[in-house]
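Okay, so here's the structure we're looking at.
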Amino acid sequence: MKSILMPVMLIAILAVTATVAEAQWVVTFQDRTKQDLNGVYFIDQRFGWIIGNGGIVHVTLDGGREWLPQDARLKTNMKDVFFRNREEGWIVASGGHVLRTDDGGDNWVLSFKLEVPPSQGKQGFNSITFPSKKKGWVVGTGGRIMHTEDGGKSWRQQESGTKEELVHVRFTNDNRGWVVGGKGTILFTDDGGRTWESQISGFNGYLYHLEIRGKNNAWIVGDNGTVLRTTNTGSSWERVAVDTRKTLTNIAFSNNQDGWIVGWNGIILRSSDGGKSWIEQESGTRVNLYGIAVIKNEAWATGEAGLVLKYTGK
């Protein structure tokens, strides 16, 4: 199982799970369409959602043992999902769509659609976050940041100061947040986005995801095995050494000590010392992984070919 060179198909995924028992990552679901699953979000150990290309939205009520389809009324690619609780959730999709639900995804409605002149080419959103019921942000192509103060009834653009693609956004409260994106872009605000400050990443590739822990600590992952860490709210970012050059797409912590990173070619990294060091775990697959969610001692990862992995352990 050291080298598996074959098309991404269910038979290949199942074939490699025989050795996953030791690492405790197992395949628990594969969407029948085999569309890529781009994101996963869990509120607690029972309730979670996965999203993917072709309009895929699934919900689980039992910690991922069963995934039930939901109709988002769009067949476009779902890019990011965020839930505030079991009822209130948001999805951004290609084409500049922002979707909202107030009933756990039984019904999804269009909150906003970005309209731009054809001369500007394809424009859209990549990520969404709501630190409170009324205030939220979306980010996307062309350095676009948009903000709502009324729960998504209306959206207004904020000046980001960049034209680089923005890939991920997270806020700790209604005032303090970060955005990451292309060419090593890191933006920070502590005034609700009225002003965005560019922070120095020391990196020129894509940054895909950030994880905030506490008031001053945050991590970012990106191209070429890049892991960045700050302990001073981004006044400086240091590169954390990891034993890979693979693209890292997502990072999540269950507490201040235990974290996971996922990326291309099935790579999964684990830290148990607050992100100071990272050790590779055997995922049992070689497909690209895009999403990870962690609740207590359980983790779920999503990726290519409709794949969902689950980890249960200490």
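The values are calculated or read from the model by the stated rules, or taken from the named source; none is laboratory data. Remember, it's a predicted structure, so these values are computed and weren't measured experimentally. Note: ideal-geometry Cβ built from the backbone for every residue, glycine included; neighbour counts use all protein chains shown.
Yes or no: the range 153-175 includes at least one residue that is touching a residue at least 40 places away in the same chain (Cβ under 8 Å) and either in contact with an Asp or Glu (Cβ under 6 Å, 6 or more places away or on another chain) or on the phi > 0 side of the Ramachandran plot (or both). No, the range 153-175 contains no residue that is touching a residue at least 40 places away in the same chain (Cβ under 8 Å) and either in contact with an Asp or Glu (Cβ under 6 Å, 6 or more places away or on another chain) or on the phi > 0 side of the Ramachandran plot (or both). In the range 214-271, of all residues being in a strand (DSSP E or B), in contact with a Leu (Cβ under 9 Å, 6 or more places away or on another chain) and of a type in the set (F, W, Y), the one that is farthest from G291 (Cα to Cα) corresponds to W219. Any chance the range 88-104 includes a residue that's closer than 24 Å to K310 by Cβ, assigned to a loop (DSSP other than H, G, I, E, B) and not basic (K, R)? Yes, the range 88-104 has at least one match.
Scanning the range 272-289 for residues that are part of a strand (DSSP E or B) and surrounded by 24 or more Cβ atoms within 10 Å (Cβ to Cβ) yields one hit, L289. Restricting attention to the range 188-216, and to residues there that are among the hydrophobic types (A, V, I, L, M, F, W, C) and either at pLDDT below 95 or closer than 15 Å to H147 by Cα (or both), which single residue is surrounded by the fewest Cβ atoms within 10 Å (Cβ to Cβ)? The selected residue is F188. Taking first residues from the range 97-119 that are free of Cβ contacts under 8 Å to residues at least 12 places away in the same chain and of a type in the set (G, A, S) and partners that are surrounded by 13 or more Cβ atoms within 10 Å (Cβ to Cβ) and in a loop (DSSP other than H, G, I, E, B), no Cβ contact under 8 Å between residues at least 6 apart in sequence or on separate chains turns up. Working only within the range 247-263, note down all residues that are surrounded by fewer than 20 Cβ atoms within 10 Å (Cβ to Cβ) and of a type outside the set (D, E, K, R). Across the range 247-263, the qualifying residues are T247, F253, S254, N255, N256, Q257. Among the conditions (1) more than 19 Å from the chain's Cα centre (by Cα); (2) at positive phi, the only one that G143 does not satisfy is (1).
Within the range 95-110, restricting attention to residues that are small (G, A, S) and within 22 Å of F42 (Cα to Cα), which residue is surrounded by the most Cβ atoms within 10 Å (Cβ to Cβ)? Step by step, filter the range 95-110, then rank; the result is G105. Annotation note: Cβ proximity below 7 Å between a residue of the range 294-314 that is without any contact (Cβ under 8 Å) to a residue 60 or more places away in the chain and a residue that is surrounded by fewer than 17 Cβ atoms within 10 Å (Cβ to Cβ) and of a type in the set (K, R) (sequence gap 6+ or interchain) occurs for N297/K314.
Name every residue in the range 125-152 that is closer than 18 Å to H209 by Cα and either modelled with pLDDT under 95 or hydroxyl-bearing (S, T, Y) (or both), in order of residue number. Hits for the range 125-152 are S127, T129, T141.
Looking only at residues in the range 60-84 that are of a type in the set (V, I, T) and buried (at least 21 other Cβ atoms within 10 Å of the Cβ), the one that is nearest to T33 (Cα to Cα) is T60.
What do you reckon, is T244 touching an Asp or Glu at 6+ places or on another chain (Cβ under 8 Å) and either surrounded by 22 or more Cβ atoms within 10 Å (Cβ to Cβ) or over 29 Å from N175 (Cα atoms) (or both)?
Yes: the conditions hold for T244.
Evaluate the range 299-308: report whether one residue or more is within 21 Å of Q35 (Cα to Cα), modelled with pLDDT of 95 or more, aromatic (F, W, Y) and buried (at least 24 other Cβ atoms within 10 Å of the Cβ). Yes - at least one qualifying residue is present in the range 299-308.
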